[in-house]
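**Student:** Sharing a structure, written as structure tokens. Questions coming.
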Amino acid sequence: MNDQILIEKAKEGLKEKILNIANPAPRRIFLKVAVDNLLETISWLKNEQGFTHLSTISGVDLGPSFEILYHFANNFCSFTIRTEIPRDNPSLPSICQLIPGAILYERELQDMLGLNVQNIPDPRPLLLPDDWPAGNYPLRKDWKFERPAEVIPGGKK
Amino acid sequence: MKIGAFIPELLRHLAKKPATVDYPFKKLEVPKGFRGSPYLKPELCIVCRACERDCPAEAIEITSLSEAEKKFRMIIHNDRCVHCAQCVDSCPTGAMLIDTRFEIADYDRHNLKMQWDYIRAVVKPKSEPKSDQAKS
Amino acid sequence: MATVRTLVYLFIYPGLLFIFIYSTFCEWYDRKLYARLQNRMGPTHTGRGGILQPIADFFKLMSKEDIVPERADKGMFSALPAFGLAIVSTAMLLIPVWNYQLSQPSLISFNGDLIVLLYLLTLPTFIFFLAGWSSTNLFSTIGATRVLTMLFGYEVPLFLAVLSPAILANSWRLAEIAAFYRQRPWLMLVNLLGFVIALISVQAKLERTPFDIPHAETEIVGGTFTEYSGKKLALFRLMLDVELVVASALLATVFLGGFPGGFWLGLLNFIIKTLVVIFILSLIRATTSRIRVDQVVSFSWRYLAPLAVLQLLIVILVKGLIS
Amino acid sequence: MNFQIPIGPQHPALKEPIGLRITVDGEIIREADLRLGYNHRGIEKLAESKTWIQNIYLMERICGICSHSHTTCYVQGVEKLMEIQAPKRGLYIRTLVAELERIHSHLLWLGVAGHEAGFDSFFMYVWRDREIVMDILEIISGNRVHYAINTIGGVRRDLDELQVKNILDSLSVLRKRSEYYLNLGTTEPSFVARLAGVGYLSKEDALALCAVGPTLRASGVPMDVRKDDPYAVYDEVPFEVCTADTGDVLGRTVVRIKELFQSYNIIEYLLKNLPTGPIAVRAPRRPKSNEVVSRYEAPRGENIHYIKSNGTEKPERLKVRAPTLGNYAATIKMLKNGFIADVPLIFAAIDPCICCAERAVAIVDARTGQEKIVSTSSLKQLKQNVSPNKERKREVVWPL
């Protein structure tokens, strides 16, 4: 199977950088690396395995840390690289030099989870309004949205 | 490249009946399974609250009027309803049904509320519900 | 008698009253036709078959709030719609539609009225330009520059195409040109190419698809008319309708032999011939998609202008043959 | 002479609000910048507070046009989390609706392209024929737009013989019409003049900027999730991935019309090989703690959902990446050095679904002004400052 070959190749090419590699379903590979090895792993994936298409970047708030998932895809496999960064120092390198199309996803990460993406070519906020209060990151678990009470135009009957 | 490639088609339709319908005056038939607004058959409701729990729009509200008489009140907020008919699927006794009306707009959102006061029915669920419907 | 005639001419037929009513009818006709060509219903409910819809639209717009942009040149901004309407209505007076005697076919008829009419039809373009420019809106400004850019494209072919029948008829007077072709109907065929060129140029002059570039709503919102609202917009729309009638009447006079036959028959002729021209214009509008402003200019100079010159050559040849 | 033109958030070319600011030099675009956020609804956050069943309908409301694609993507992910397998007939009906939706979306796009190019007759005719497929969807699912046919573990409504026959009859009409439009759209000179060579995106750029869907395929990259990562029953259905190598708007049009024909073939295959049996299985209320990446080829391109469950009734994280967001970076590239007149066409050519792309946070009030971005609070301030009786400024500042 392609998945097995790819996993073998990953083990060969990345060696001790791999923290964990899993293949929970056909055509799905999850590879965990440390944040310091992220750029090398992605450049390995792109240049040596030909994964040029970045589907998206997901960020998950795990409580004490954030998990960032880079979903790559090519014609036969969806390859996810995951990395974890601590909550008190949420910074990770930008991958825009390798994948120019990642810019919008990285800006979204900055807005929504308050991650500090280093060397990002365009650090402006993407989604949030300009008068959004600083330090509010909506997709963090500790950010609670209070739904305002429903107001029916015309008042109560 | 053909100049005026569209002209034959256009002229062919000049004398034809328009494809559009003079809507508020003439109406199209809706098909049989059309999902309109939900309504309740109170004589079948066993107050399992499956509809209330599964409603994605929080449009169904069941309150208890009197515990002793087992009297309940259901309000369907049609102004919030998204017409997904999940309540119909969730209902184990077939008490929730959906009609085929589509002109339900109103000037006042309060007029869109529908309300039923009823005594809880004792009906055995006809068929197995599609999802796990543990009584809450 | 002459005074009464003048007054009737100015205010009733074919002056203001007739032209306003007839132009709204033409708008309805254009809209209905356009809709039916697209397999739609078009205006339906105001009046029989929606025939009063343009009038209803006019009165609705007249009663709407009228907003003048803060930074616009207020005087010019407000004066332009009325000015434009006046120009196209004046142009209508030159069309020979009265009882059709060669001596007195219209209120004023003189040798060279063709040229005056063409110039009166050029002025609305400048009105649109000024309207867009004085709005000081970005979209209006782009629309205004597009108006002028397009003018350089279609104006010369239009002039050449309209002048070639005049050369053949050996007259610069509309009534005489029409009379000439009525006597020799087969000579109208000589001007067929010119007629096509003139139709395309008039389409561009009236800013209808494929030349609705200056007010292309999907590109630059409303273009020149972005800031116009209420009464001013109503007048502009009326002006466009009148311009449509005048332009189609001009083409009917020059290429289709005018409107002979006294008052009633002349009126019938007028209506039928303008409606035929408007039908062709609507068909062009329905058949094509909007092109870019650079494509308009290159199309005009690459195809229309050489063809117009060719038409001129044909006319000169034919003239040599028949004389 | 450069000046900036705001396209949006409210603009007739955009059917949904988005802020696009272009710097033009005469009629030529020099710079383009994109501003999202006008339309944010906070769906990702909201999904974390809704149950798995409620989320089906929430996902459906990400987008009106591709409502089925988001639910399918979500539902097949959740099915994997819950370790259930939808029955074959259910999957066939799911695929059938997906392909009908693709037809409806592509026809809609074709009409919109005509409208953006000022070709209103084309738009009217295409949309008239699109009604046929809308009616089919209404008969199958009970609604024209939000079909709500998916449920966790299968589909909600079955097909009967009469419906199958109706759909096949309508398809033959649609097929004939699509051939006509393919012929017309590629021969009408004024239309072709607007499409050909506009919004060029090279193969390298398309790959580097991670474009998806027909935008990518029109640049000559045969990437289609249906083929690469078959979900539902696409591994059983024969079809081809349509590509074009022109990389312009005309190429995207051709790719979409070719895909229409593929969809007709797929639907015919599905209806002729429709298996019997149940249409859904019972789903548990809670999945185990797990995670899944679900991909789907929406009409606009690759749609990807990352779903993480924590063993409760509600998802821990639901990340949605709709195809439009993936194409924005490429759009900016395409717009540069184009004409103002081409903005709506280039923008429409990615088939933007702004609702899809914008869904991450609760309230958004930003408004793109002409010179600067003005927030609502300062707008309200402005409104209070300018009283109706105040004298108007007389000085005129010419924009040029």
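The values are calculated or read from the model by the stated rules, or taken from the named source; none is laboratory data. Since the model is a prediction, treat every value here as computed from it, not as a measurement. Methodologically, a virtual Cβ is constructed for each residue, glycine included, from the backbone with ideal geometry; neighbour enumeration extends over all protein chains shown.
**Student:** Quick one: is D:Ser121 touching a Leu at 6+ places or on another chain (Cβ under 7 Å) and either surrounded by 24 or more Cβ atoms within 10 Å (Cβ to Cβ) or among the polar types (S, T, N, Q) (or both)?
**Tutor:** Criteria met by D:Ser121.
**Student:** Something else now. In the stretch C:128-182, what count of residues is obtained for those that are outside any helix (DSSP H, G or I) and surrounded by 24 or more Cβ atoms within 10 Å (Cβ to Cβ)?
**Tutor:** 1
**Student:** Also, I was wondering about something else. Working only within the stretch B:40-56, note down all residues that are surrounded by fewer than 18 Cβ atoms within 10 Å (Cβ to Cβ) and within 21 Å of D:Asn143 (Cβ to Cβ).
**Tutor:** Correct list: empty.
**Student:** Sticking with this one: Answer yes or no as to whether C:Phe299 is part of a loop (DSSP other than H, G, I, E, B), in contact with a helix residue (DSSP H, G or I) (Cβ under 8 Å, 6 or more places away or on another chain) and modelled with pLDDT under 90.
**Tutor:** For C:Phe299, the condition - part of a loop (DSSP other than H, G, I, E, B), in contact with a helix residue (DSSP H, G or I) (Cβ under 8 Å, 6 or more places away or on another chain) and modelled with pLDDT under 90 - is not met.
**Student:** Of the conditions (1) over 24 Å from the mean Cα position of the chain (by Cα); (2) within 26 Å of C:Glu219 (Cα to Cα), D:Gly213 fails just one. Which one is it?
**Tutor:** Here D:Gly213 meets the rest and fails (1).
**Student:** Still on this structure: With the condition kept exactly as written, say whether any residue in the stretch C:92-111 is in contact with a Pro (Cβ under 8 Å, 6 or more places away or on another chain), crowded, with 21+ Cβ neighbours inside 10 Å, in contact (Cβ under 8 Å) with a residue 60 or more places away in the chain and of a type in the set (Phe, Trp, Tyr).
**Tutor:** yes
**Student:** Are any residues in the stretch D:188-215 more than 9 Å from every other protein chain (Cβ to nearest Cβ), surrounded by 24 or more Cβ atoms within 10 Å (Cβ to Cβ) and in a loop (DSSP other than H, G, I, E, B), and if so, which ones?
**Tutor:** Within the stretch D:188-215, D:Gly199, D:Leu201 qualify.
Each row is one residue, and each column tells you yes or no for (1) at positive phi; (2) modelled with pLDDT of 85 or more; (3) not in a loop (DSSP other than H, G, I, E, B).
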{"site": "B:Cys81", "(1), (2), (3)": "no, yes, no"}
{"site": "B:Asp89", "(1), (2), (3)": "no, yes, yes"}
{"site": "B:Pro92", "(1), (2), (3)": "no, yes, no"}
{"site": "B:Asp106", "(1), (2), (3)": "no, no, no"}
{"site": "B:His110", "(1), (2), (3)": "no, no, yes"}
{"site": "B:Met114", "(1), (2), (3)": "no, yes, yes"}
{"site": "B:Tyr118", "(1), (2), (3)": "no, yes, yes"}
{"site": "B:Lys124", "(1), (2), (3)": "no, no, no"}
{"site": "B:Ser127", "(1), (2), (3)": "no, no, no"}
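Okay, residues lined up against (1) over 21 Å from A:His71 (Cβ atoms); (2) within 11 Å of another protein chain (Cβ to nearest Cβ); (3) assigned to a loop (DSSP other than H, G, I, E, B):
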site: A:Cys96; (1), (2), (3): no, yes, yes
site: A:Tyr105; (1), (2), (3): no, yes, no
site: A:Asp111; (1), (2), (3): no, yes, no
site: A:Asp131; (1), (2), (3): yes, yes, yes
site: A:Ala134; (1), (2), (3): yes, no, yes
site: A:Leu139; (1), (2), (3): no, yes, yes
site: A:Trp143; (1), (2), (3): yes, yes, yes
site: A:Glu146; (1), (2), (3): yes, yes, yes
site: A:Val151; (1), (2), (3): yes, yes, yes
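**Student:** Kindly list, by first and then second residue, each pair from a residue in the stretch C:52-76 that is under 13 Å from C:Ala131 (Cα atoms) to a residue that is basic (Lys, Arg) and surrounded by 14 or more Cβ atoms within 10 Å (Cβ to Cβ), limited to pairs with Cβ atoms under 6 Å and residues at least 6 apart or on different chains.
**Tutor:** So the pair list comes out as C:Val68/C:Lys74.
**Student:** Can you pull out every residue in the stretch C:203-231 that is crowded, with 24+ Cβ neighbours inside 10 Å and either modelled with pLDDT of 90 or more or among the aliphatic types (A, V, I, L, M) (or both)?
**Tutor:** Hits for the stretch C:203-231 are C:Ala204, C:Ile213, C:Ala216, C:Ile220.
**Student:** If a residue counts only when it is small (Gly, Ala, Ser) and either more than 14 Å from chain B (Cβ to nearest Cβ) or under 30 Å from D:Thr151 (Cβ atoms) (or both), which helices (runs of 4 or more DSSP H) contained entirely in the stretch D:1-106 have at least 2 such residues?
**Tutor:** D:67-82
**Student:** Can you go through A:Leu69, A:Leu104 and tell me which one is free of Cβ contacts under 8 Å to residues at least 40 places away in the same chain, under 15 Å from A:Ile42 (Cα atoms) and within 13 Å of the chain's Cα centre (by Cα)?
**Tutor:** A:Leu69
**Student:** Looking at the stretch B:6-21, can you tell me whether even one residue there is more than 9 Å from every other protein chain (Cβ to nearest Cβ) and either over 24 Å from the mean Cα position of the chain (by Cα) or within 30 Å of C:Gly49 (Cβ to Cβ) (or both)?
**Tutor:** Yes, there is a match, as at least one residue in the stretch B:6-21 is more than 9 Å from every other protein chain (Cβ to nearest Cβ) and either over 24 Å from the mean Cα position of the chain (by Cα) or within 30 Å of C:Gly49 (Cβ to Cβ) (or both).
Table: residues versus (1) in contact with a Phe, Trp or Tyr (Cβ under 6 Å, 6 or more places away or on another chain); (2) surrounded by 14 or more Cβ atoms within 10 Å (Cβ to Cβ); (3) more than 13 Å from every other protein chain (Cβ to nearest Cβ).
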| site | (1), (2), (3) |
| --- | --- |
| B:Ile76 | no, yes, yes |
| B:Gln86 | no, yes, no |
| B:Asp89 | no, yes, no |
| B:Glu103 | no, no, yes |
| B:Asp106 | no, no, no |
| B:Met114 | no, yes, yes |
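**Student:** Output the residues belonging to the stretch C:239-282 that are more than 24 Å from C:Ile115 (Cα to Cα) and buried (at least 19 other Cβ atoms within 10 Å of the Cβ).
**Tutor:** C:Ser282
**Student:** Scan the stretch D:292-321 and report the pairs whose first residue is touching a residue at least 40 places away in the same chain (Cβ under 8 Å) and at the interface with chain A (Cβ under 7 Å from one of its Cβ atoms) and whose second residue is in a loop (DSSP other than H, G, I, E, B) and charged (D, E, K, R), with Cβ atoms within less than 8 Å and a gap of 6+ or a chain change.
**Tutor:** So the pair list comes out as D:Arg295/D:Asp229; D:Arg317/D:Glu48.
**Student:** Hey, among the residues in the stretch D:216-236 that are of a type in the set (Lys, Arg) and more than 17 Å from D:Gly247 (Cβ to Cβ), which one's farthest from the other protein chains (Cβ to nearest Cβ)?
**Tutor:** D:Arg226
**Student:** Checking C:Glu227 against (1) within 14 Å of another protein chain (Cβ to nearest Cβ); (2) in a helix (DSSP H, G or I), only one condition comes out false. Which one?
**Tutor:** Among (1) within 14 Å of another protein chain (Cβ to nearest Cβ); (2) in a helix (DSSP H, G or I), the lone unmet condition for C:Glu227 is (2).
**Student:** Looking at the stretch D:322-350, which of its residues are among the β-branched types (Val, Ile, Thr) and either more than 9 Å from every other protein chain (Cβ to nearest Cβ) or closer than 20 Å to D:His106 by Cβ (or both)?
**Tutor:** D:Thr324, D:Thr331, D:Ile332, D:Ile346, D:Ile350, listed by residue number.
**Student:** Also, I was wondering about something else. Quick one: in the stretch A:42-59, of everything that is crowded, with 20+ Cβ neighbours inside 10 Å and touching a helix residue (DSSP H, G or I) at 6+ places or on another chain (Cβ under 6 Å), which residue is farthest from D:Val212 (Cα to Cα)?
**Tutor:** A:Gly59
**Student:** Hey, another quick one. Just to be sure before I move on: is D:Arg128 in a helix (DSSP H, G or I) and within 14 Å of chain C (Cβ to nearest Cβ) in the structure I sent?
**Tutor:** Criteria met by D:Arg128.
**Student:** Filter the stretch B:22-39 for residues that are surrounded by 11 or more Cβ atoms within 10 Å (Cβ to Cβ) and within 13 Å of another protein chain (Cβ to nearest Cβ) and give the result.
**Tutor:** B:Asp22, B:Val30, B:Pro31, B:Gly33, B:Phe34, B:Arg35, B:Gly36, B:Ser37, B:Pro38 - these are the residues of the stretch B:22-39 that are surrounded by 11 or more Cβ atoms within 10 Å (Cβ to Cβ) and within 13 Å of another protein chain (Cβ to nearest Cβ).
**Student:** Being more than 7 Å from every other protein chain (Cβ to nearest Cβ), aliphatic (A, V, I, L, M) and closer than 15 Å to C:Glu207 by Cβ is the filter here; which residues of the stretch C:279-296 pass it?
**Tutor:** Result: C:Leu281, C:Ile284, C:Val296.
**Student:** Here is a list: C:Leu17, C:Leu10. Which entry is touching a Leu at 6+ places or on another chain (Cβ under 9 Å), surrounded by fewer than 18 Cβ atoms within 10 Å (Cβ to Cβ) and farther than 30 Å from B:Leu11 by Cα?
**Tutor:** Answer to the check: C:Leu10.
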